[in-house]
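Undergrad: I have a structure I would like to understand better, so I am pasting it below and will then ask my questions one at a time.
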Amino acid sequence: DVNEKEFEHSLLICPDSYKRKVLENLSANKKMIDIHFLSLSEFRKRKTFDYDIRSIQFLKDEYGLSISNAREILENLSYVDVDKQYHNEKADQLVFYRKKLEEKGLLKQDPLFEKLIKGRRIFVAGYGLLNKEDERLIKGTIFPYEFRKKKYKVHTFAQIEEEVLFIYERINTLVYEEGVDINKIFVMNVSEDYYSYFKRFNHYYPFTIEVKEEDTLIGTGLAKKFLSWIDTLSKQEIYERLSQEDSQVALKLISLINAYPSYKLSQVKDFIEEDLKRTKLSFVKQNNLVHQVDLYHEFDEDEYVFLPGFNDRFPQMKGDTDYIDDKMARLFDLSDTEEKNALIKENVRGYLSSINHLYLSYAERSPFVKYEFSNLLSDERSEERRVGKECRSR
């Protein structure tokens, strides 16, 4: 619940799903509060600096960097002190790049941001505990996930097919015997291992579990045509052709054209190809099916959540593979891999404890991998082994 006095004239840093819940709460209670919303990534960029195509182009042309490598460097420049020598080749290289970009005016700062947040109390919610670099940057009140001690039943199966059968049978009981609204049932953090089973079982039951196979624009036929048009057609001609297409892909391609207003498309074709690889196709939200959602989605108390694949690979841990490795992290006083993983575990444990109706399950084997119990919940966990049975047909 939103406390009017506490949150009046505030900045709330939160994910979109959390923002929606806050706005729904305010609307339901007929409250009007002066809250400004930003995501964590938006806050970081506006508090420090952002970059654009000119910044990437400069690093690409001057230093021979690939577009992806230039982006990676730009994402990590805010951590270095330009007045410091680190005696570390990679760190000092970041300092060099930042100085050059600043000299060229290629790091975009928001001169109005400090005025926007001046006098506002800053709150962070929906992210759990933050790493120490974000805490330093934000200097606000952080609402962690409140850990609620409870016992969990983890349903264990020999094969994924048996696990999926359990999920469908339980959902069938919830909807058709217990009267639960299907729009209040979710599957969370589903890996691709489960997609083929969901597609098959959707034919056996009188309800559907959403399958989100995330394709990118680069794999679509229209995007391939679009790339070929860049070599022979003007921007206006391409726009007209795309306008005749009635599809989500066409709309995304038009948005991509609009992202480069000052350039001929042939000048930025390599950037566009990179964008096509990075841009995922979104799904039109439908009703009356079991929705697939990501970890940290915000749930109401009367919603039911199934989390398959609750094995020793969950949650996904960090390796020392980031551009800023552990040695550099200690130079910049950033969280290292061990600290990041401890934070992930603590946040996930707190988050899961907040879900009122939670079904945890895992299969001991997929076609190629053998899994063990997740140690995430340790003392709070109890195992219930299940055996497979024939699935019912419609």
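The values are calculated or read from the model by the stated rules, or taken from the named source; none is laboratory data. Worth saying up front: this structure is predicted, and the values here are computed from it rather than measured. For neighbour counting, all protein chains shown are included, and Cβ atoms are generated from backbone atoms with ideal geometry for every residue, glycine included. For accessibility, only protein heavy atoms count, side chains too; no ligands or nucleic acids. Shrake-Rupley method; radii C 1.70, N 1.55, O 1.52, S 1.80 Å.
Undergrad: Quick one: which residue in L94, L107, L65, L74 is of a type outside the set (S, T, N, Q) and over 23 Å from K327 (Cβ atoms)? Quick ask: steps written out before the conclusion?
TA: On the way: L94 fails: over 23 Å from K327 (Cβ atoms); L65 fails: over 23 Å from K327 (Cβ atoms); L74 fails: over 23 Å from K327 (Cβ atoms).
Sole residue among the options that is of a type outside the set (S, T, N, Q) and over 23 Å from K327 (Cβ atoms): L107.
Undergrad: Confirm whether V124 is under 30 Å from H297 (Cα atoms), among the hydrophobic types (A, V, I, L, M, F, W, C) and touching a residue at least 12 places away in the same chain (Cβ under 8 Å). Break it down into steps so the answer makes sense when it comes.
TA: On the way: under 30 Å from H297 (Cα atoms): yes; among the hydrophobic types (A, V, I, L, M, F, W, C): yes; touching a residue at least 12 places away in the same chain (Cβ under 8 Å): yes.
Yes.
Undergrad: So, one more: State yes or no: is E24 under 30 Å from Y260 (Cβ atoms), assigned to a helix (DSSP H, G or I) and not polar (S, T, N, Q)?
TA: No: the conditions fail for E24.
Undergrad: Out of the stretch 123-171, which residues are under 19 Å from F37 (Cβ atoms) and of a type in the set (S, T, N, Q)?
TA: Correct list: T141 only.
Undergrad: A further question on this structure: Does L253 satisfy being free of Cβ contacts under 8 Å to residues at least 24 places away in the same chain and open to solvent by less than 70 Å² (accessible area, probe 1.4 Å)?
TA: no
Undergrad: Mind telling me which of the residues E89, E102, E133, E72 ends up being among the acidic types (D, E) and buried (at least 16 other Cβ atoms within 10 Å of the Cβ)?
TA: After ruling out the rest, the residue left standing is E133.
Undergrad: Would you point out the residue of the stretch 301-343, among those that are among the basic types (K, R) and open to solvent by 80 Å² or more (accessible area, probe 1.4 Å), that is nearest to the chain's Cα centre (by Cα)? Before the answer, list the steps.
TA: Taking the stretch 301-343 first, the residues among the basic types (K, R) are 313, 318, 327, 330, 340.
Okay, now just the ones that are also open to solvent by 80 Å² or more (accessible area, probe 1.4 Å), so 313, 318, 327, 330.
Numbers: R313: 18, K318: 15, K327: 27, R330: 26 Å.
Here the residue is K318.
Undergrad: State which residue pairs qualify: first residue at positive phi and at pLDDT 85 or above and inside the stretch 278-306, second residue among the aliphatic types (A, V, I, L, M) and open to solvent by less than 40 Å² (accessible area, probe 1.4 Å) in any location, beta carbons under 9 Å apart, and separation of 6 or more residues or different chains.
TA: N288/I182; Y296/V348
Undergrad: Whether any residue in the stretch 290-301 is touching a helix residue (DSSP H, G or I) at 6+ places or on another chain (Cβ under 9 Å), in a strand (DSSP E or B), among the aromatic types (F, W, Y) and closer than 27 Å to L358 by Cβ is what I want to check.
TA: no
Undergrad: Still on this structure, please answer the following. Could you list, in sequence order, the residues of the stretch 173-193 that are surrounded by 15 or more Cβ atoms within 10 Å (Cβ to Cβ), more than 12 Å from S361 (Cα to Cα) and at pLDDT 95 or above?
TA: L174, V175, V180, I182, K184, I185, F186
Undergrad: Right, something else. Please work out which one of (1) of a type in the set (S, T, N, Q); (2) free of Cβ contacts under 8 Å to residues at least 40 places away in the same chain; (3) open to solvent by 40 Å² or more (accessible area, probe 1.4 Å) is the condition T208 fails and give its number.
TA: (2)
Undergrad: Of a type in the set (S, T, Y) and under 28 Å from I67 (Cβ atoms): is that true of Y263 in this structure? Spell out the reasoning first.
TA: Values: of a type in the set (S, T, Y): yes; under 28 Å from I67 (Cβ atoms): yes.
Criteria met by Y263.
Undergrad: Scan the stretch 5-62 for residues that are aliphatic (A, V, I, L, M) and open to solvent by 40 Å² or more (accessible area, probe 1.4 Å) and report the count.
TA: So the answer is 3.
Undergrad: Can I ask one more? Among the numbered criteria (1) aromatic (F, W, Y); (2) touching a strand residue (DSSP E or B) at 6+ places or on another chain (Cβ under 9 Å); (3) open to solvent by 50 Å² or more (accessible area, probe 1.4 Å), which single criterion is violated by F123?
TA: With respect to (1) aromatic (F, W, Y); (2) touching a strand residue (DSSP E or B) at 6+ places or on another chain (Cβ under 9 Å); (3) open to solvent by 50 Å² or more (accessible area, probe 1.4 Å), F123 is out only on (3).
Undergrad: Let me ask you something else. Out of F7, F58, I need the residue that is in contact with a strand residue (DSSP E or B) (Cβ under 7 Å, 6 or more places away or on another chain) and either touching a residue at least 40 places away in the same chain (Cβ under 8 Å) or not β-branched (V, I, T) (or both). Which one?
TA: Just a single option satisfies the conditions, and that option is F7.
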